[in-house]
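The block underneath contains the structure these notes are about, expressed in structure tokens.
Since every read-out is calculated from the coordinates, none of them should be taken as a lab result. Computed from a prediction, not measured in an experiment: that's the story for all the values here. Because the Cβ atoms are built from the backbone with ideal geometry, glycine has one as well, and the counts that use them run over all protein chains shown.
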């Protein structure tokens, strides 16, 4: 097995672990961590497939990965700030909160149609 195949296999395994964490995790911080792990797997995949031009690595995949890292860090910082605001407003950062109605997004206790 060649070195490129090992990198591609590692990227696929990391991506699979991240998909599992994204689908199974209820806490938003774990979901954000899973998204960052997915991005890392994509970066590893792009670097592994970056071809050589006369023995010199192609700079285009490297530039794409570097730009992707900058964007990922920025989106992660923004998502973390949103999570802090969500935690301050609701007291929880879990996706399935028992006090919220799934269809409307309103709290169950604020329903005007419900008799007291």
Subject >> Whole-Å semi-axes of the stretch 3-92's equivalent ellipsoid (Cα gyration tensor) >> reply: 32, 16, 5
Subject >> Packing rank of 5-13, 26-34, where each peptide gets the mean count of other beta carbons within 10 Å, highest leading >> reply: 26-34, 5-13
Subject >> Ratio of the Cα radius of gyration of the stretch 3-44 to 2.2 N^0.38 Å, where N counts its residues >> reply: 1.19
**OP:** Just subtract the alpha-carbon distance of residue 23 and residue 7 from 0.36 nm times their residue separation and send over the number in nm, one decimal.
**Re:** 3.3 nm
